[in-house]
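Right, one structure below, let's go through it.
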Amino acid sequence: MQKLKSIVAIGVVGLVAAIMIAAAPSLAASWPERPVRVIVPLGPGSATDVTARLYAERLAVRWGEPVVIENRPGADALLAVAAFVAARDQHTLLFSFGGPVTINPFIHATLSYDPQRDLVPIVSASDSFLAVAVSPSLNINTLDELVKHAKAEPGKLVWAGTAGLPEFDFAGFLKSDGLDMVEVTYRDFNPALQDVAEGRINIVSTALVPLLPLARSGKIRILAVTNRTRSPAMPEIPTAEEAGFPELDVYSFQGFFGWRDMPTELRDRIAADVRAVADDPALGQRLNAIGQAVRVGTTEDFVAMIDEQRSKIAGIVKVLGLKPQ
């Protein structure tokens, strides 16, 4: 009899607990409960920063809580990721390009984070257009003309690429096509833009955004964007594939990442909210003006984009024979 009473008591406790859990609001339903912090690995005014702020403004309205952007630029995004991982906070997100999960594992022998577990892909937010541009002094108008010029005068042309994907992509292109050019590096890439405009270097591979005013004023000539689609900001510029050089094609993107062991339900809720605010035509217009384009989808779509970029980088690393430092 006593044993039966014990079993009944345990059953009642379990039933009460189950009812309480079912009655309690889920994290996804109650989130956010306070301001949301979004860490960005580039400085104020960068395309990544502007894109993050455009989404943050709209998400704040939808969530009923402030969405605060925190810029942590430098060191291949390692500073931003370190701050994000250290936060261990359900109200802190990372808004980033793919580098922390697609490039850093190949170039850094050790990382302070696990790219597969500490950065959980939530949803993409935009296509970030990259481009190859030349000094008008070269009198070159197409990628094909550039390749022919480089082959005719090996070792004569000088180029620079923004650290990360633009530099990797162009270096891989040169190696795969057997082109010999001299690379110069810049701690701050702004002087490189001035140097190519004034003819001190010949070529730059970088984000489209800083090239737009120089191209529109005739100080540089953009040969191609490396994305799969043309940029709404300069639709007359062909893609690398259209120009006949698909090996220069690379998928560049930006999106939201969550913390380790993020609840799937909350991840899906945030992804759905990002997709909802992305429907605002004004957001698309603002992004187009800075050389970006809205690109949202499912979490699975975002994961596929990351995997594709990681595969591309792995191929470039192999071609270049690079070793983690």
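List of remarks:
- Condition check for residue 176 on (1) in contact with a helix residue (DSSP H, G or I) (Cβ under 6 Å, 6 or more places away or on another chain); (2) crowded, with 19+ Cβ neighbours inside 10 Å; (3) within 16 Å of residue 226 (Cβ to Cβ); (4) not assigned by TED's automatic domain parsing to the domain that holds residue 270: one failure, at (2).
- Selected residue (only one of 260, 286 is assigned to a helix (DSSP H, G or I), of a type in the set (D, E, K, R), at negative phi and surrounded by fewer than 20 Cβ atoms within 10 Å (Cβ to Cβ)): 286
- Filtered by the rule that a residue be part of a loop (DSSP other than H, G, I, E, B) and closer than 12 Å to residue 223 by Cα, region 120-144 gives 135, 139, 140, 141, 142.
- Near pairs, Cβ below 8 angstrom, 6+ apart or cross-chain, from region 171-190 (assigned to a loop (DSSP other than H, G, I, E, B)) to any residue that is of a type in the set (Val, Ile, Thr): 177/147; 179/147; 181/158; 181/203; 184/158; 184/201; 189/162; 189/206
- The listed residues are 28, 47, 52, and the only one of them that is within 15 Å of the chain's Cα centre (by Cα), surrounded by 13 or more Cβ atoms within 10 Å (Cβ to Cβ), at pLDDT below 90 and closer than 30 Å to residue 253 by Cα turns out to be 47.
- Whether a residue is within 23 Å of residue 41 (Cα to Cα) and crowded, with 21+ Cβ neighbours inside 10 Å was assessed, and residue 250 passes this test.
- Failed item, numbered, when residue 213 is tested on (1) under 20 Å from residue 240 (Cβ atoms); (2) part of a helix (DSSP H, G or I); (3) over 22 Å from the mean Cα position of the chain (by Cα): (1)
- Check on residue 32, within 20 Å of residue 123 (Cβ to Cβ), in contact (Cβ under 8 Å) with a residue 24 or more places away in the chain and in a helix (DSSP H, G or I): no
- Given (1) over 23 Å from residue 59 (Cα atoms); (2) among the β-branched types (Val, Ile, Thr); (3) within 15 Å of the chain's Cα centre (by Cα), index of the condition residue 299 fails: (1)
- Selection count, region 40-89, where residues are in contact with a helix residue (DSSP H, G or I) (Cβ under 7 Å, 6 or more places away or on another chain) and polar (S, T, N, Q): 2
- The residues of region 227-252 that are at pLDDT 95 or above and either of a type in the set (Phe, Trp, Tyr) or within 15 Å of the chain's Cα centre (by Cα) (or both) amount to a single one, 245.
- Considering region 150-171, the residues that are small (Gly, Ala, Ser) and either more than 19 Å from the chain's Cα centre (by Cα) or at pLDDT 95 or above (or both) include one that is surrounded by the fewest Cβ atoms within 10 Å (Cβ to Cβ), namely 152.
- Filtered by the rule that a residue be under 14 Å from residue 144 (Cα atoms) and either aromatic (Phe, Trp, Tyr) or in contact with a Pro (Cβ under 8 Å, 6 or more places away or on another chain) (or both), region 227-257 gives 240, 245.
- Cross-chain or 6+ apart pairs with Cβ under 6 Å, region 305-319 first and not assigned by TED's automatic domain parsing to the domain that holds residue 122 and among the hydrophobic types (A, V, I, L, M, F, W, C), then at pLDDT below 90 and crowded, with 21+ Cβ neighbours inside 10 Å: none
- Residue-level analysis places residue 189 outside the set of residues that are of a type outside the set (S, T, N, Q) and crowded, with 22+ Cβ neighbours inside 10 Å.
- Within region 86-117, the residues that satisfy the criterion of being β-branched (Val, Ile, Thr) and surrounded by 19 or more Cβ atoms within 10 Å (Cβ to Cβ) are 92, 101, 102, 103.
- One residue alone among 147, 204 is outside the structural domain of residue 304 (by TED's automatic domain parsing), among the β-branched types (Val, Ile, Thr), part of a helix (DSSP H, G or I) and buried (at least 16 other Cβ atoms within 10 Å of the Cβ), and that residue is 147.
The values are calculated or read from the model by the stated rules, or taken from the named source; none is laboratory data. Source: prediction; values computed, not measured. Every residue, glycine among them, receives a Cβ derived from its backbone with ideal geometry; neighbour counts consider all protein chains shown.
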